[in-house]
Amino acid sequence: MATEIKHSVASPASTPESEDVRSTSSTRNYSWFRGVFFNATIVGVAAFTAPGLWNAMQAVGAGGQQTPYLVMAGNAILFALMTFTCLAGSVLANRFGLKAAFIFGTSGYVLYSAALYCNNRYRTKWFIYLGSAACGITAGVFWAAEGAIMLSYPEPKNRGKYLAYWLAYRNGGSIIGGVINLAFNYAGKKTGKLNWRTYIVFVVLQCFGPAVGCLLSPPEKVQRRNGTKVQISERIHTKDEIKAILKLLTRKDFLLVVPFFIYVTWNQPYISAYVSLYFSVRARALASLVGAVSQICATLIMGSFLDWQRLSLNTRAKVSYIAMMSLIGGCWVWGIVVQRGYSHHKPALDWNDASFGRGWALYVFWQVNFALTYNYGYWLVGYMAKENREIVRYTSVVRAVEAAGQCVASGISSTKTPLIRETGVNFALWGLAVIPTYLVVRNIGVTLYGADGEKGEDETPKLAEGGVKEIQVKH
């Protein structure tokens, strides 16, 4: 019978020997389908079939419809419901587990695509509201669950690369969607709506989401290559979980990053309306494809930099944040110049037009900026969480903040508000987010180490109080 011996190690010098015993034992029993890479792939494929293809439809502008107003009204309902279901994501994960929450979260996206198909072909309006509501209820849980999984399953030193890997699948949905969009709509030289056959492919692909989710391993069965285990949080009473969420909402570092997470998705309805109103159908399809490829390249570069061990954690956090926000600010200055011109003389641009490149390239940059803020936001949250249980809570509340912002922005875009005003609002939100978020970023690796206690300078775990670290070795 196995016996369990606890060693209290007062000196870090003897730690590697004990760690080697644990690592060797874990490696001997390693199962590839329990590994971090396989589970990250499952999350990625599910993200591909669910939000990835959803993003592909939004990237072509207004879900592929001729005008954005009905779709944006539906999206306002979607994100209003998501605000509440994202907050409930932590409670549901605590009650039913991350895997069950994840599978449930993939189930509503197909109804949204079916609603767009019916509206495009039969002009059915009520299904847009029903499909948006169904997607909002389930997607909020999915957003919270997928983020918690991708922050807690990988080792801290590989978190940036795994976030980029996961988002590559999500953006891969946009790539495939872009190919589908372009294949069915390459002849559309004028503004208008997508071919109705486009949506059939989306509906079929999104049906696979729940089945893929069933292959996910629960946290307690995940195996890391270095032998360490995913920290498992004991389930607590629902009332206690709600109290913990409310307490987190009043934490200073969370309040400082609220403007950043409001900004992250606020611009999506605007840029969707922008591309749908000013560009031909095939130019919109091409934009969805090129934008997705650019997003993957950008997030892979950022993810690699965030895990680059030659620089301290604090330096990586600050340099990447400053570079990202500088790029975004420059693009909004560019956007104001372009939008002013389009507001005075509304174009209908195709890729054969001489003035096509200036406004179309701006749209691609906006998509890249969104991917960068999305990736960095998750990485930041991973270090703000002080214990493993807080990872789920943080991903739930920040996604709720994002959903609330996108709900308001979609409501604005569902009206005929001049787009130049929306450009100004987005620029202002960027300005409001820059400094408060930096006040948190500068503490990464200094006072904020993440749930796994990663130190900023040498990337080694923090010891328990008194310099004593407990290691369990089974013989």
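The values are calculated or read from the model by the stated rules, or taken from the named source; none is laboratory data. Note that the structure is a prediction, hence the values are computed from the model and not measured. Ideal geometry is used to build each Cβ from the backbone, glycine not excepted, and the neighbour counts take in all protein chains shown. For accessibility, only protein heavy atoms count, side chains too; no ligands or nucleic acids. Shrake-Rupley method; radii C 1.70, N 1.55, O 1.52, S 1.80 Å.
Could you please find all residues in the range 75-96 being within 29 Å of M57 (Cα to Cα) and open to solvent by 30 Å² or more (accessible area, probe 1.4 Å)? Spell out how you get there, then give the answer.
Of the range 75-96, the ones within 29 Å of M57 (Cα to Cα) are 75-90, 92-93.
Scanning the range 75-96 gives I77, A80, L81, F84, L87, A88, L92.
Looking at (1) open to solvent by 10 Å² or more (accessible area, probe 1.4 Å); (2) assigned to a helix (DSSP H, G or I); (3) under 30 Å from P154 (Cα atoms), which is the one condition that is false for Q309?
It fails just one condition, (2).
What single numbered condition from (1) modelled with pLDDT under 90; (2) crowded, with 20+ Cβ neighbours inside 10 Å; (3) not aromatic (F, W, Y) fails to hold for I271?
(1)
When you go through (1) open to solvent by 10 Å² or more (accessible area, probe 1.4 Å); (2) over 24 Å from H344 (Cβ atoms); (3) of a type outside the set (V, I, T); (4) in a helix (DSSP H, G or I) one by one for K386, which number turns out not to apply?
(4)
Return the residues of the range 106-120 that are open to solvent by 10 Å² or more (accessible area, probe 1.4 Å) and among the hydroxyl-bearing types (S, T, Y); say none if nothing qualifies.
Scanning the range 106-120 gives S107, Y117.
crowded, with 20+ Cβ neighbours inside 10 Å, touching a Cys at 6+ places or on another chain (Cβ under 8 Å) and closer than 30 Å to L313 by Cα: is that true of W379 in this structure? Even if it seems obvious, please write down each step before you answer.
On the way: crowded, with 20+ Cβ neighbours inside 10 Å: yes; touching a Cys at 6+ places or on another chain (Cβ under 8 Å): no; closer than 30 Å to L313 by Cα: yes.
So W379 does not fit the description; no.
Tell me which residues, restricted to the range 175-185, are in contact (Cβ under 8 Å) with a residue 12 or more places away in the chain and out of contact with any Leu (no Cβ under 8 Å at 6 or more places or on another chain). Quick ask: steps written out before the conclusion?
To start, the set of residues in the range 175-185 that are in contact (Cβ under 8 Å) with a residue 12 or more places away in the chain comprises 175-182, 184-185.
I180, the sole residue that qualifies.
Give the residue, chosen from A73, A133, that is free of Cβ contacts under 8 Å to residues at least 60 places away in the same chain and part of a helix (DSSP H, G or I). Steps first, please.
Details: A73 fails: free of Cβ contacts under 8 Å to residues at least 60 places away in the same chain.
Step by step, each of A73, A133 is checked, and only A133 is free of Cβ contacts under 8 Å to residues at least 60 places away in the same chain and part of a helix (DSSP H, G or I).
Assess whether R393 counts as being open to solvent by 20 Å² or more (accessible area, probe 1.4 Å) and modelled with pLDDT under 95.
Working: open to solvent by 20 Å² or more (accessible area, probe 1.4 Å): no; modelled with pLDDT under 95: yes.
So R393 does not fit the description; no.
Quick one: how many residues across the range 342-360 are assigned to a helix (DSSP H, G or I) and open to solvent by 30 Å² or more (accessible area, probe 1.4 Å)? Give the derivation first.
Residues of the range 342-360 assigned to a helix (DSSP H, G or I): 342-344, 356-360.
Going one step further and asking which of them are open to solvent by 30 Å² or more (accessible area, probe 1.4 Å), we end up with 343-344, 357-358, 360.
So the answer is 5.
Tell me the residue from A400, A371 that is over 16 Å from G89 (Cβ atoms) and either open to solvent by less than 10 Å² (accessible area, probe 1.4 Å) or assigned to a loop (DSSP other than H, G, I, E, B) (or both), please. Walk me through it before giving the result.
Numbers: A400 fails: over 16 Å from G89 (Cβ atoms).
Going through A400, A371 in turn, just one is over 16 Å from G89 (Cβ atoms) and either open to solvent by less than 10 Å² (accessible area, probe 1.4 Å) or assigned to a loop (DSSP other than H, G, I, E, B) (or both): A371.
Going residue by residue through the range 167-189, is there one that turns out to be over 20 Å from the mean Cα position of the chain (by Cα), hydrophobic (A, V, I, L, M, F, W, C), assigned to a helix (DSSP H, G or I) and closer than 23 Å to F96 by Cβ? Don't jump to the end; show me each part of the working.
Filtering the range 167-189 for residues over 20 Å from the mean Cα position of the chain (by Cα) gives 179-189.
If we keep only those that are hydrophobic (A, V, I, L, M, F, W, C) too, we end up with 179-180, 182-184, 187.
Right, trim to assigned to a helix (DSSP H, G or I) and you get 179-180, 182-184.
Cutting the leftovers down to closer than 23 Å to F96 by Cβ gives us none.
No.
What residue, of Y378, Y321, Y383, Y374, is of a type outside the set (K, R), modelled with pLDDT under 90 and closer than 21 Å to V440 by Cα? Let's see the steps before the verdict.
Details: Y321 fails: modelled with pLDDT under 90; Y383 fails: modelled with pLDDT under 90; Y374 fails: modelled with pLDDT under 90.
The match here is Y378.
Being part of a helix (DSSP H, G or I) and without any contact (Cβ under 8 Å) to a residue 60 or more places away in the chain: is that true of I103 here?
In short, no.
Working only within the range 222-268, note down all residues that are assigned to a loop (DSSP other than H, G, I, E, B), in contact (Cβ under 8 Å) with a residue 60 or more places away in the chain and open to solvent by 40 Å² or more (accessible area, probe 1.4 Å).
Of the range 222-268, the ones assigned to a loop (DSSP other than H, G, I, E, B) are 222, 224-237, 250-251.
Checking which are in contact (Cβ under 8 Å) with a residue 60 or more places away in the chain leaves us with 222, 224-228, 230-233, 235-236.
R225, N226, Q231, I232, S233, R235, I236 - these are the residues of the range 222-268 that are assigned to a loop (DSSP other than H, G, I, E, B), in contact (Cβ under 8 Å) with a residue 60 or more places away in the chain and open to solvent by 40 Å² or more (accessible area, probe 1.4 Å).
Scan the range 280-301 for residues that are surrounded by 22 or more Cβ atoms within 10 Å (Cβ to Cβ), over 16 Å from A56 (Cα atoms) and either free of Cβ contacts under 8 Å to residues at least 40 places away in the same chain or of a type in the set (A, V, I, L, M, F, W, C) (or both) and report the count.
Final tally of qualifying residues: 1.
For the range 106-123, which residues satisfy the criterion of being at pLDDT 90 or above and not in a helix (DSSP H, G or I)?
T106, S107, G108
From the list I103, I149, exactly one residue is over 24 Å from F279 (Cβ atoms), open to solvent by less than 20 Å² (accessible area, probe 1.4 Å) and modelled with pLDDT of 90 or more. Which is it?
Numbers: I103 fails: open to solvent by less than 20 Å² (accessible area, probe 1.4 Å).
One residue alone meets the criteria, I149.
May I ask you to verify whether V204 is closer than 24 Å to N375 by Cα, at pLDDT 90 or above and in a helix (DSSP H, G or I)? Steps first, answer last, please.
Details: closer than 24 Å to N375 by Cα: no; at pLDDT 90 or above: yes; in a helix (DSSP H, G or I): yes.
It is false that V204 is closer than 24 Å to N375 by Cα, at pLDDT 90 or above and in a helix (DSSP H, G or I).
If you go through the range 200-217 one residue at a time, how many are open to solvent by less than 30 Å² (accessible area, probe 1.4 Å) and under 24 Å from F37 (Cβ atoms)? Lay out the reasoning, then the answer.
Within the range 200-217, the first condition is being open to solvent by less than 30 Å² (accessible area, probe 1.4 Å), and the residues that meet it are 202, 206, 209, 212-213, 216-217.
Imposing the further condition that a residue be under 24 Å from F37 (Cβ atoms) reduces the set to 209, 212-213, 216-217.
Counting residues in the range 200-217 that are open to solvent by less than 30 Å² (accessible area, probe 1.4 Å) and under 24 Å from F37 (Cβ atoms) gives 5.
Residue check: is R316 part of a helix (DSSP H, G or I) and of a type in the set (K, R)? Quick ask: steps written out before the conclusion?
Working: part of a helix (DSSP H, G or I): yes; of a type in the set (K, R): yes.
So R316 fits the description; yes.
With respect to V319, is the statement that it is of a type in the set (V, I, T) and crowded, with 22+ Cβ neighbours inside 10 Å true? Spell out the reasoning first.
Working: of a type in the set (V, I, T): yes; crowded, with 22+ Cβ neighbours inside 10 Å: no.
When the stated conditions are applied, V319 does not pass them.
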